[in-house]
1. Taking the stated definitions as given, is LYS186 open to solvent by 20 Å² or more (accessible area, probe 1.4 Å), charged (D, E, K, R), in contact (Cβ under 8 Å) with a residue 12 or more places away in the chain and outside any loop (DSSP other than H, G, I, E, B)?
2. Can you list the strands (runs of 3 or more DSSP E) found entirely within region 545-633 that contain at least 1 residues being of a type in the set (A, V, I, L, M), within 16 Å of ILE698 (Cβ to Cβ) and open to solvent by less than 10 Å² (accessible area, probe 1.4 Å)?
3. Could you list all residues from region 521-544 that are at pLDDT 70 or above and assigned to a helix (DSSP H, G or I)?
4. Take region 478-527 and flag every residue that is open to solvent by less than 100 Å² (accessible area, probe 1.4 Å), of a type in the set (Ser, Thr, Tyr) and either touching a Leu at 6+ places or on another chain (Cβ under 9 Å) or more than 25 Å from PRO459 (Cα to Cα) (or both).
5. Could you grab me the full set of residues in region 332-354 that are hydrophobic (A, V, I, L, M, F, W, C) and modelled with pLDDT of 90 or more?
6. With the requirement that a residue be closer than 11 Å to ILE634 by Cβ and hydrophobic (A, V, I, L, M, F, W, C), what does region 683-698 give you?
7. Return the pairs, sorted by first residue and then second, in which the second residue is open to solvent by 80 Å² or more (accessible area, probe 1.4 Å) and of a type in the set (Phe, Trp, Tyr), the first residue lies in region 478-501 and is modelled with pLDDT of 80 or more, the beta carbons are less than 6 Å apart, and the residues are 6+ apart or on different chains.
Amino acid sequence: MKTLIKIGVLAHRDTQHTLQTWQKTADYLSSELPEYHFVIVPLDFTQIGLAIEQNAVEFVITSSGIYVEFEALYEVNRLATLKHLRMGQAYTMFGGVIFCKADCEHIQTLTDLRGKRFVAVAENSLGGWRSAWREIAEAGINPYRDFQSLHFTNSHDAVVYTIQQGQADAGTISTNVIEQMALEGKVDLKTFKIINQQTQYGEKFPFALSTELYPEWPFAVTPKTPSELAEQVAIALLKLPKNHPAATAAKSEGWTIPLNYQSVHECFQVLQVHPYKDFGKTTSSFQLAVKGSNDGLWDWNLETNEVFFSTRWKEMLGYADAEISNHFQEWKQRLHPDDGDRVLTTFQQYFKGQLATYEQEYRLQHRNGNYLWVLCRGTLLRDVWDQPYRMAGSHTDITQRKQAEEELRQSELQLKTQTQHLQQALKELQQTQMQLIHSEKMSSLGQLVAGIAHEINNPVNFIYGNLNYLEEYVQGLFNIVQTFQQSYPQPVNAVQIAMEKFEFGFVSNDLPQLLKSMRFGSERIRKIVHSLRNFSRLDEAEIKPVDIHEGIENALLILQHRLKGNFHQSPIVINKEYGNLPVIECSPGQLNQVFMNILSNAIDALEETIVHKQNNFIPTITIRTNMIDRWVFIHIADNGLGMGEDTKLRVFDPFFTTKPVGQGTGLGLSISYQIVVERHSGKLDLFSEPGQGTELKIQLPVGR
């Protein structure tokens, strides 16, 4: 019986749309973890929080804004971050766009929004309002007080149309929405102007952007879920292929290692929205929010080098409040030696204004001697002379995340190594299978050809050997008949009637021609038998001097029946351009197989071409040989249909064939490549273009 695992998903729209988006993810996890059955539970804003509080779901897929609320309120923990597809590319971050009409001269900066009509998507939307609200608030504007009007449309497209039609002065939407609408022909980008344009990300984020970037939707685990199951799910999500149906349904390329959602926390803290409604106020609500974030706080006076460390900051390192004094050296002496130079250099860069934000991950020594990984984020205050005088921030314990990341990296490395081993084993298995098939096939074929040649050779030799005697006997009989005719020019009637009935005159003229035909046929059979025996060469697998032209001629003779034309097709023309070649040291039986494979493929290609070409097409195979610098070159070319790039890339792969099922094994050229390259230290190259035919070039050394 499989264990039921529920994944709560925030249903922005209807239940059916949520299931269409995420059900394949549940199915994928069920297939990866067969002892569990994963199901999707669509939930609205009210239901999803209640489900986590009551332990009704084991995992959660939700928006970044909702996630940070659950992280603070229910201690849910992210396992992975979505790689969201935007206009064909995957991104793990998003932001907001603040814009107005391009011809709006009275809005140039954020401060110009005061007293204007503003439109946004939804009041709880991070990309469609809150990310922009943060930028506007930090520019000194309270939108709920300082805007002439603030309207929410519940649709990104509706915000764009509202601005376009002049019903509002400015608005905000999530990143890439306006580019997508332009791509679909709904709007013209030139009619809009971006306010507070952020350009520091360059090609890494090529969309209009007015705010910070925030991490995409997380896949999170609830507190009561077993850690072993959470780890298995995290590994499965990171293994999800980018073209898997689960990724496609979610409009993504799968999942990546979980990003840091502290930037969303900070946004909500600045805005003082749930769960940080009273954040920054010197009340118990502030203490509750700090405790809920589980972060340690620090406040560094750069003039005195005194640092205030919160109780939680000290507890993270295993100390009571009174056991660590408020001085910079207390932090510095606990910094890991390998991290010191990097961390202090980053501090200096931030102080000098070379970095816009300060965020680092490093290790601090715990009281027990072990090192704790922390995420340190901070902000700097400067005086009127732009000199830094105070810096404050927080420490987040990310040790478990780092351990999980390292375990995931090790798992990915092991998986990659295993995959490489399996691929190599598969390749070796294919090579072994190909060699076994070829060895057995050639052994059987060689024995069959040798047997046939032997059985044919004996009676043919008998016939051929007796033809001389037969001609001698027939000539003797003719001489006797001529002597009889000369002695008895007027034979008796019975003899005269018998000679006329036998048509002696015709027979005496035709019989010599008949004997010549018998001799010619016998000689041709003997040549074919000789070619068959040369082709099989069961006793000649070792290296020996060989005439290349003889091997080619033997293959052509055996394939002669396929070269001749019939009432269905024209004969195939063979152009021979033989150079003056020496004998070369090689395995004759193996090279004969190469010639047979390449010529057979050329004939197959021409037979297919004849079907598609006009009647005036002349199928031709050109065989050209020459020698350059102790290398022998054999070119075998046809004027067939040729082949495309995909076929050329795989033409030497074992078991690859373009022929119909049952008409090809896909071993011919692969075996030929092994014989030429691996067994004869030569080269085998293929040249082909669609409609231009195909040429194979064999290059062999003269000596071994």
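The values are calculated or read from the model by the stated rules, or taken from the named source; none is laboratory data. Predicted, not measured: the structure shown is a model, and the values here were computed from it. Reconstructed Cβ throughout: ideal geometry from the backbone, glycine too, with neighbour counts over all protein chains shown. Only protein heavy atoms, including side chains, enter the accessible area calculation; ligands, DNA and RNA are left aside. Shrake-Rupley method; radii C 1.70, N 1.55, O 1.52, S 1.80 Å.
1. Working: open to solvent by 20 Å² or more (accessible area, probe 1.4 Å): yes; charged (D, E, K, R): yes; in contact (Cβ under 8 Å) with a residue 12 or more places away in the chain: yes; outside any loop (DSSP other than H, G, I, E, B): no.
No; evaluated as a whole, the condition is false for this residue.
2. On the way: elements: 573-577, 584-586, 620-628.
So the answer is 584-586, 620-628.
3. Taking region 521-544 as the starting set, the residues that turn out to be at pLDDT 70 or above are 521-522, 525, 543-544.
Scanning region 521-544 gives GLY521, SER522, ILE525.
4. THR483, SER487, SER508, SER522
5. Start the filter on region 332-354 by keeping residues that are hydrophobic (A, V, I, L, M, F, W, C), which leaves 335, 343-344, 347, 351.
If the condition is that a residue be hydrophobic (A, V, I, L, M, F, W, C) and modelled with pLDDT of 90 or more, then LEU335, VAL343, LEU344 are the ones that fit.
6. LEU684, LEU696, ILE698
7. none
Listed here are the residues, each with its yes/no results for (1) out of contact with any Lys or Arg (no Cβ under 9 Å at 6 or more places or on another chain); (2) of a type in the set (Phe, Trp, Tyr).
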{"site": "THR311", "(1), (2)": "yes, no"}
{"site": "ASP321", "(1), (2)": "no, no"}
{"site": "GLN329", "(1), (2)": "yes, no"}
{"site": "LYS332", "(1), (2)": "yes, no"}
{"site": "HIS366", "(1), (2)": "no, no"}
{"site": "TRP373", "(1), (2)": "no, yes"}
